[in-house]
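The values are calculated or read from the model by the stated rules, or taken from the named source; none is laboratory data. Here the structure is a predicted model, which means the values were calculated and not measured. Backbone-built Cβ (ideal geometry, glycine too); neighbour counts: all protein chains shown.
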Amino acid sequence: MALYFLEEKKWTCKASIHIPPELLKEDISSFFPRFTQLSHVQNLDHPLIREFDVVIPVLHKNTPLGYVFIGGFGENEDVYNKVQLITAITNIIAVAIENKRLFKRQLEQERMKREMELASEMQHLLIPSQLPKCAHYELASIYKPHSVVGGDYFDFIELENDRFAFCIGDISGKGIAAALLMANFQAHFQSLIHERRSLAELVKALNQSVLRITHGDKFITFFVAEYDLRMQTLSYVNAGHNPPAMAMSGKIYRLDKGCTILGAFQELPRLEVGELYIDDEALILSYTDGLTDIRNEEGEFMDEAYGYEFLLRNHMLSASMFNEKLLEDIDLFKGAENFPDDFTVLTCKIY
């Protein structure tokens, strides 16, 4: 007797009786596809298979889980009844094997589900749970990962001398890999922003940190801005991100000055720091491309022009009220369609 099971995509002899060890080293798996039911094998030209009389496939819903080779029957033995008994035993084995496999899969799925839940909890700890609201400015966010974890990132940092900074980014890819890179990027941003670097130096340092981690296999689109309350100036760098839009005095300002994406080049080919003077109430809408990827039931996108028109109509609202109105508008626009990607909005209102 020889009993073969499929383990990690390889057929392995798990048990044998009265078979020379050197013969068991022979690979007979190429013969298995022809055994779809109980078969006689005495005539097959292989030294190991010639040791047996019959083979019984162990099947589950026509999928082979194993093969039982049996030999040594005497001429006067009741072969039929013996084979029937062995077939019944192999069917019991097949059910046991499949139940064990399904149980292991269920345990693995439960473990993965719990790990993803923990990853999601950890990722939400990295995202600001509360954003500031004061007499001079207010920030509000919308954060909707496409799966349990995502690659979108936003942050807010209070700085010395009546200044604050905010940023938004989008890591290429999805799932755990993007979430891990996002966590690492957040740590570098939090560290570097407090070293009082200029925005240009900050972005160059962040580009180097992404390259060290990903070796050019991943990249990040990123937007960072710093507002000086005393000087009423907004400085920013857009690193290949969807250009945020600022509404002020009935006009739209596209915040598109900056550089290429982070993590693609050892040295950034160009880097320009944008600067705007805020002499009136202003609202800045920054977002990831999950917003512009949203479609309605007719297949139309929420494009940039749609966003500008919405911004002009609603820029006098507070940041939190603006986001509530935006979510209502999105739900009306997309209808029954789902969000196709991670979707993040960071709104900054300056009074």
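Summed over region 214-241, residues that are in contact with a helix residue (DSSP H, G or I) (Cβ under 9 Å, 6 or more places away or on another chain) and within 18 Å of residue 165 (Cα to Cα) total 10.
Does residue 218 satisfy the condition of being within 18 Å of residue 260 (Cα to Cα), more than 26 Å from the chain's Cα centre (by Cα) and among the charged types (D, E, K, R)? Working first, answer last.
Numbers: within 18 Å of residue 260 (Cα to Cα): yes; more than 26 Å from the chain's Cα centre (by Cα): no; among the charged types (D, E, K, R): yes.
Answer is no for this residue.
For region 323-330, indicate whether the set of residues that are of a type in the set (Asp, Glu), without any contact (Cβ under 8 Å) to a residue 24 or more places away in the chain and surrounded by 13 or more Cβ atoms within 10 Å (Cβ to Cβ) is non-empty.
Restricting attention to region 323-330, the residues satisfying the condition of being of a type in the set (Asp, Glu) are 324, 328-329.
Then keep just the ones that are without any contact (Cβ under 8 Å) to a residue 24 or more places away in the chain; that gives 324, 328-329.
From the residues that got through so far, the ones that are surrounded by 13 or more Cβ atoms within 10 Å (Cβ to Cβ) too are 324, 329.
Checked against the condition, which is being of a type in the set (Asp, Glu), without any contact (Cβ under 8 Å) to a residue 24 or more places away in the chain and surrounded by 13 or more Cβ atoms within 10 Å (Cβ to Cβ), region 323-330 yields at least one hit.
In region 275-310, what residues are aromatic (Phe, Trp, Tyr) and surrounded by fewer than 17 Cβ atoms within 10 Å (Cβ to Cβ)?
277, 301, 306, 308
Residues in region 164-188 that are of a type in the set (A, V, I, L, M) and at pLDDT 90 or above: 165, 168.
The set of residues from region 294-338 being under 25 Å from residue 133 (Cβ atoms), in a loop (DSSP other than H, G, I, E, B) and of a type in the set (Gly, Ala, Ser) comprises just one member, 318. When you look at residue 278, is it free of Cβ contacts under 8 Å to residues at least 60 places away in the same chain and touching a strand residue (DSSP E or B) at 6+ places or on another chain (Cβ under 9 Å), yes or no? In short, no. Applying the criterion of at least 3 residues that are of a type in the set (A, V, I, L, M) and out of contact with any Pro (no Cβ under 9 Å at 6 or more places or on another chain) to the strands (runs of 3 or more DSSP E) found wholly in region 154-249 leaves 233-239, 245-248.
Going by the conditions given, is residue 49 among the β-branched types (Val, Ile, Thr) and in contact with a Gly (Cβ under 9 Å, 6 or more places away or on another chain)? In short, no. Does region 4-15 include one or more residues that are at pLDDT 90 or above and more than 27 Å from residue 101 (Cβ to Cβ)? No: zero hits.
Restricting 209, 198, 235 to residues that are surrounded by fewer than 17 Cβ atoms within 10 Å (Cβ to Cβ) and at pLDDT 90 or above narrows the list to 198. Checking each residue in region 1-34 for being closer than 12 Å to residue 69 by Cα, out of contact with any Asp or Glu (no Cβ under 8 Å at 6 or more places or on another chain) and β-branched (Val, Ile, Thr) picks out 17, 28. For region 185-213, the set of residues classified as out of contact with any Asp or Glu (no Cβ under 9 Å at 6 or more places or on another chain) and more than 14 Å from residue 258 (Cα to Cα) consists of 185, 187, 188, 191, 194, 197, 208, 209, 210, 211, 212, 213, listed by residue number. Of the residues in region 320-351, how many are more than 14 Å from residue 289 (Cα to Cα) and either touching a His at 6+ places or on another chain (Cβ under 6 Å) or hydroxyl-bearing (Ser, Thr, Tyr) (or both)? The total comes to 3. Against the condition touching a Cys at 6+ places or on another chain (Cβ under 7 Å), in the same structural domain as residue 167 (by TED's automatic domain parsing) and touching a residue at least 24 places away in the same chain (Cβ under 8 Å), how does residue 210 come out, does it pass? No, not satisfied. Looking only at region 46-95, residues that are loosely packed, with under 13 Cβ neighbours inside 10 Å, of a type in the set (D, E, K, R) and in contact with a helix residue (DSSP H, G or I) (Cβ under 9 Å, 6 or more places away or on another chain) come to 1 in all.
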